[in-house]
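Read the figures in this text as sums done on the coordinates, not as results from a lab. Keep in mind the model is a prediction, meaning the values are calculated, not measured. Don't worry about glycine lacking a Cβ; one is built from the backbone with ideal geometry, like all the others, and counts go over all protein chains shown.
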Amino acid sequence: MSVSCGTRSLALRHGERGEGRLKFLVVIAILAVVGYSAYQYVPVAVQAYQLKDVMQQTVNTAALQSQTTGESLKKTLTDRALEYGAPPPPATQVLVTQQDARWQARVQYTRQIPLPFYIYQYTFDHTVKSFDPATLR
């Protein structure tokens, strides 16, 4: 029986059959779970990041406008939060305060993100403070 260098007969490799397919299926399953999780999580995280920016712009604009009231700013922030995927009130809490000429706003909510085998509670809690219009800081 002649055996070339580096090869074994089929009888000796019988226990190795299908091993490559099993590894391939496991890797594909893991990649599918990671891909689906990213597909569910990333849009929520991006919307939260964008909402933080919108909140800062909104309170800065309110600081420059003397006719802005706390209630109008709260309504504006609530509407903008809904545009960026926050759940409707009372699940979303918006708190607006004013000290001197500066506005401070806090938005809080929790969103459920369905992941494979788990439901993730994404908690958004962000506070912004406007600049002082007198000193522009």
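Here the label points at Asn60 and Gln108, each 7 Å from Cα along the C-beta direction, are separated by 2.7 nm in the simple model. The label point for Val27 and the one for Tyr41, both projected 7 Å from the Cα toward the Cβ, are 2.2 nm apart. Normalised size of segment 20-129, defined as Cα radius of gyration per 2.2 N^0.38 Å with N residues, equals 1.45. FRET efficiency for the pair Gln50 and Glu19, taken as 1/(1 + (r/R0)^6) with r the Cβ-Cβ distance and R0 = 35 Å, rounds to 0.15. Sorted fewest first by neighbouring Cβ atoms within 10 angstrom, Phe117, Phe24, Phe124 come out as Phe117, Phe24, Phe124.
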